[in-house]
Amino acid sequence: MPSSDPNADPVPARGGAFTYVGSVHWEYSPELDHDPDPGEIVWTWVAFEEDASVGKDRPVAVVGRTDDRRLVALMLSSRNHAGDRRWMSIGTGPWDREGRESWVRRDRILAVHASSVRREGAILPRGTFESIVSGLQGAASPDVSGRSGKPRPRKGAPAAQGAGLFARLRRLLGR
């Protein structure tokens, strides 16, 4: 089904980010050195879910790498997604020039080659990175120490378990 988004662009020659299912090596190693790294917000073309031949340029949060060293990322939005469990607020940061609240989509993991990244934006604070990784929808609290693994579904988790950033931080910190 062709996209009805008037802002949709075809896949650029440099490539882009596409939906990914597979092992993830969670990693936090940001370094604003003109090479994209896990723990950074970067800009790349992201394929639409309904038609991967079109998409648009947008920021993504890089959270790790695939077995073949592609970057693993989650897309960001400045649109308010309050009440939508697929999205998690990460607040404001230097990646948005207008200082708008940003939201990360937790239920669609992307993979992108470093050469497909258009530019680096900012380093995610470590706590924000860990909240994103631990809050991935349908995932057990992933280990962010660099070990790999596929997110595993939570068994018997109550619906409210993932509610609230502070609750996730308390669980992450063991408090």
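The values are calculated or read from the model by the stated rules, or taken from the named source; none is laboratory data. All values reported here derive from a predicted model rather than from experimental measurement. Cβ sites come from the backbone with ideal geometry, for glycine too, and all protein chains shown count toward neighbours. Keep in mind that these areas ignore ligands, DNA and RNA; they rest on the heavy atoms of the full protein, side chains included. Shrake-Rupley method; radii C 1.70, N 1.55, O 1.52, S 1.80 Å.
What's the total number of residues in the range 63-92 that are of a type in the set (A, V, I, L, M), open to solvent by less than 10 Å² (accessible area, probe 1.4 Å) and touching a helix residue (DSSP H, G or I) at 6+ places or on another chain (Cβ under 9 Å)? Full working, then the answer.
Of the residues in the range 63-92, the ones of a type in the set (A, V, I, L, M) are 63, 71-76, 82, 88, 90.
With open to solvent by less than 10 Å² (accessible area, probe 1.4 Å) added as a condition, the list becomes 63, 71-74, 76, 88.
Right, trim to touching a helix residue (DSSP H, G or I) at 6+ places or on another chain (Cβ under 9 Å) and you get 63, 71, 74, 88.
Number of matching residues: 4.
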Quiz item: Restricting the search to the range 39-55, which residues are in contact (Cβ under 8 Å) with a residue 60 or more places away in the chain and in a loop (DSSP other than H, G, I, E, B)?
Solution: GLY39
Quiz item: Limited to the range 34-60, what total is found for residues that are within 12 Å of MET75 (Cα to Cα) and in contact with a helix residue (DSSP H, G or I) (Cβ under 6 Å, 6 or more places away or on another chain)?
Solution: 1
Quiz item: What single numbered condition from (1) open to solvent by less than 30 Å² (accessible area, probe 1.4 Å); (2) within 15 Å of the chain's Cα centre (by Cα); (3) touching a residue at least 60 places away in the same chain (Cβ under 8 Å) fails to hold for PRO30?
Solution: (1)
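I need the full set of residues from the range 93-103 which are open to solvent by less than 90 Å² (accessible area, probe 1.4 Å) and either of a type outside the set (D, E, K, R) or touching a Lys or Arg at 6+ places or on another chain (Cβ under 7 Å) (or both), in order please.
Within the range 93-103, the subset open to solvent by less than 90 Å² (accessible area, probe 1.4 Å) is 93, 95-96, 99, 101-103.
Within the range 93-103, GLY93, TRP95, GLY99, SER102, TRP103 meet the criteria.
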